Amino acid sequence: MIDGPVLINPIIYTEVSIAYTSAAELNRVLARLTIERHDLPWSAAYLAGQAFLQYRRQGGQKTAPLPDFYIGADAQVSGFTLITRDARRYRSYFPSLNLLTME
C-alpha cells in the first residue's frame with residue numbers, strides 16, 4: 001500500500017516519455033493517475049555523484065552517472081519511499097532509503 005502522493009521527477013519523466021507520442025499525451029496520463037511532479041533538490045545531485053563515485057571504485061564500468069543514482073539520491077534526501085524492481089542496486093548505494101519493491 002502506498003501512503004502519500006506518487007511523485008515523478010524530471011529523470012523519471014524522461015524515462016517514461018519514450019512510451020508516448022507527445023508531452024501532452026504523457027501529461028494527460030500523469031494527471032489522470034494523479035501523479036505529482038517533483039523537482040530534484042541540489043543535495044540529491046551531490047549524493048548521486050558520491051554514489052556514482054562509489055560505484056566506479058567498486059568496478060562499475062559506466063562512465064557517466066546513471067539516472068538510477070539521481071533517482072535514488074532524490075528519494076533519500078527528500079525522505080520518500082522509492083518504488084522499484086531493482087532493489088539490490090538501491091540498497092547497495094542508498095542503504096537508508098525506504099523501498100517498495102516490485103520483485
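Each residue in segment 18-39 was checked for being in contact with a helix residue (DSSP H, G or I) (Cβ under 8 Å, 6 or more places away or on another chain), over 26 Å from GLY79 (Cβ atoms) and surrounded by 12 or more Cβ atoms within 10 Å (Cβ to Cβ), and 2 pass.
The residues of segment 57-74 that are closer than 17 Å to TYR90 by Cβ and either touching a residue at least 40 places away in the same chain (Cβ under 8 Å) or in a helix (DSSP H, G or I) (or both), listed by number, are PRO67, ASP68, PHE69, TYR70, ILE71, GLY72, ALA73, ASP74.
With respect to the conditions (1) of a type in the set (S, T, N, Q); (2) free of Cβ contacts under 8 Å to residues at least 40 places away in the same chain; (3) out of contact with any helix residue (DSSP H, G or I) (no Cβ under 6 Å at 6 or more places or on another chain), SER43 falls short on a single one, namely (3).
Tell me which residues, restricted to segment 75-103, are without any contact (Cβ under 8 Å) to a residue 40 or more places away in the chain, of a type outside the set (Gly, Ala, Ser) and assigned to a loop (DSSP other than H, G, I, E, B). If the condition is that a residue be without any contact (Cβ under 8 Å) to a residue 40 or more places away in the chain, of a type outside the set (Gly, Ala, Ser) and assigned to a loop (DSSP other than H, G, I, E, B), then ARG85, ASP86, PRO95, LEU97, MET102, GLU103 are the ones that fit.
If you filter segment 5-30 down to residues that are aliphatic (A, V, I, L, M) and part of a helix (DSSP H, G or I), you find that the one that is nearest to ILE83 (Cα to Cα) is ILE12. Cβ-Cβ distance below 8 Å, separation of 6 or more or different chains: which pairs start in segment 3-20 with a residue that is acidic (Asp, Glu) and end on one that is exposed (fewer than 13 other Cβ atoms within 10 Å of the Cβ) and not in a helix (DSSP H, G or I)? Matching pairs, first to second residue: none at all.
Computed from the coordinates by the stated procedures, all read-outs in this text should not be read as laboratory data. Please read these numbers as outputs of a predicted model, since none were measured by experiment. Neighbour counts are summed over all protein chains in view; Cβ atoms, including those assigned to glycine, are modelled from backbone coordinates with ideal geometry.
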